[in-house]
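These notes concern the structure reproduced below.
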Amino acid sequence: MSLREEWKKPAIFIGVFIVVYFMPIGTGRFDSAILEAFHLARWYAQEHVLLCLIPAFFIAGAIAVFISQASVMKYLGTGANKVLAYGVASVSGSVLAVCSCTVLPLFAGIYKMGAGLGPASAFLYSGPAINVLAIVLTAAVLGPELGLARAVGAVAFSIVIGLLMAFFFRKEEHERASMKAAIPQEDDGRPLWQTGLYFASMVGILVFANWGQSTGGVSAFIYQNKWVFTALFGVALAVIMVRWFGVNVRYMAVAAAAVAALAFAFPGNPTVPFLAGVVALILLLAKGTGEGRDWLEQTWGFTQLIVPLLFAGVLVAGFLLGRPGEAGLIPSSWIAGSVGGNSLAANFFASFVGAFMYFATLTEIPILQGLLGAGMGKGPALALLLAGPALSLPNMLVIYSVLGTKKTAVFVALVITMATLSGWIFGFMMA
């Protein structure tokens, strides 16, 4: 073993010891930042794990089992038609309308199955960024100019970032595509429309279970009845699993009855029957064989890969930046005071901080409303809108585990740079 390798572990140990030895426990801001880290982690666990991440993990596992690599490469691979590939990637992301962490299992699933880096990156950005409801609310609350700029910028970003990622890593992608092409593909014999309905039922559960509150119109109606829609998609998934995937009808009937009973027993807490449905699905898949067992194993694999990194990132983000409306180790006044005007520095700062903060879907709007009232420029506001929802520190850690250091750094740099320039140009236009 080399001297450099020999000293690596002792150096890490000494570094950790120094940090712990001089840890400023007892000072108000440090203690408050620690509490904020755990507050944010608890809030994330309560609001996003059950309803967002768990359905996303099951969808990612299903992608790995029920969609062939040939199909993914046909529509999203490096050799696919560019218009089709980037169109599918951006539209798929906008339909899901998920946060920057929920999109990660889905991104990892399609990338693992052979999607090209460009379309996969476009999907990764578009999922949290091209949220139709968020764009409409941005226009209603923050002004039509910001709403329109966010819509145009997000759509353009997803395509441009995907194209640039594919260009920068074209040699590696060509080698990766050649390796995927050499793997023999098997056809499971199931019609495409059956697979499509199967995925539609799971996506429906994910979308409607997380439908955000709105003030009026169709969106408000859906929000008021979102658990009815979620239940209908759950019934559809149960029927599909029995008819096409060989799940025992008696076991499914017992599971459905238990979930329905809990729904009536806890009418004010729909999370209880939802969690029961998840447990029932796990038991049904664990008891089965073949595709069902493979689906459960793939889902568990994605969970083990992503969840530890997500919560580590949430804790660090909460410690440094706090929750929405609360300060972490970095004072909120510093942030608010650094995003006034329309300088490149202000736009970069807004993009950079937005990229590392964690924004749940739609929470960026009230935060920006407060910052604009405190003197934030419209350019930095747009920069934060374009960088914040699509990235976060937890999100970056998981992307790193999938793509590696270089690709993750380039993806993050592209988002921050393009958000900075877009905000700067928009600020001059609005001046």
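So if we plug the beta-carbon distance of Val136 and Leu164 into 1/(1 + (r/R0)^6) with R0 = 30 Å, what FRET efficiency do we get, rounded to 0.05?
0.60
Using Cα-only point scatterers and the Debye equation, what is log10 of I(q)/I(0) for segment 1-157 at each q in 0.09, 0.15 Å⁻¹, rounded to two decimals?
Taking Cα atoms of segment 1-157 as identical point scatterers yields -0.51, -0.91.
Looking only at segment 41-65, which residues have a backbone nitrogen under 12 Å from a spot 7 Å from the Cα of Leu275 in the C-beta direction?
Residues 46-47, 49-51 qualify, since their backbone N sits under 12 Å from the label point.
Sticking with the crude label model, points 7 Å out along Cα→Cβ, report the distance from Ala345 to Lys82 in nm, one decimal please.
With each label point 7 Å from Cα toward Cβ, the separation is 3.9 nm.
Sticking with the crude label model, points 7 Å out along Cα→Cβ, report the distance from Val218 to Thr417 in nm, one decimal please.
It works out to 3.9 nm between the two label points.
By average Cβ neighbour count within 10 Å, what is the ranking of 253-260, 136-143 from highest down?
Ranked from most to least packed, the peptides come out as 136-143, 253-260.
Find the eigenvalues of the gyration tensor of the Cα atoms of the chain, then list the square roots of 5 times those eigenvalues as equivalent ellipsoid semi-axes, largest first, in whole angstrom.
Taking √(5λ) for each eigenvalue gives 35, 27, 25 Å, largest first.
Give the average over all directions of the projected area of the C-alpha convex hull of segment 221-326, one decimal, in nm².
9.2
Express the relative contact order of the chain as a whole percentage, based on alpha carbon pairs under 8 Å and six or more residues apart in sequence.
21
Please list, in chain and number order, the residues 5+ apart from Gly340 or on another chain whose amide H is under 5 Å from its amide H, with Hs placed from the backbone.
Sorted by chain and number, the residues that satisfy this are Gly377.
Given a Förster distance of 22 Å, report the FRET efficiency between Val228 and Ala261 from their Cβ-Cβ distance, rounded to the nearest 0.05.
The computed FRET efficiency comes out at 0.80.
Projecting each Cα onto the charge dipole of the chain (Lys/Arg +1, Asp/Glu -1 at the beta carbon, about the Cα centre), which of Gly427, Ala177, Trp193 comes out farthest on the positive side?
Working it through, the farthest residue towards the positive pole turns out to be Ala177.
Select from Val152, Gly77, Ala409 the residue farthest towards the positive end of the dipole of the chain; place +1 on Cβ of Lys and Arg, -1 on Cβ of Asp and Glu, and compute about the Cα centre.
Going by the Cα projections, it comes out as Gly77.
Just to check I understand the Karplus step: with θ = phi - 60° and J = 6.51 cos²θ - 1.76 cosθ + 1.60, what whole-Hz values come out for segment 409-414, glycine and proline as x?
Rounded to whole hertz, the list is 4, 5, 4, 5, 4, 4.
Helix 393-403 versus the longest principal axis of the chain: what angle, 0 to 90°, nearest 10, using Cα atoms?
60
For the Cα atoms of the chain, what angle does the longest principal axis make with the long axis of helix 249-265, in degrees from 0 to 90, nearest 10?
The helix 249-265 is inclined about 50 degrees to the chain.
Every number here is computed from the coordinates shown, using simple stated rules; none is lab data. Bear in mind that the values here come from a model prediction, so they are computed numbers and not experimental data. Please note: Cβ atoms are built from the backbone with ideal geometry, for glycine as well, and neighbour counts cover all protein chains shown.
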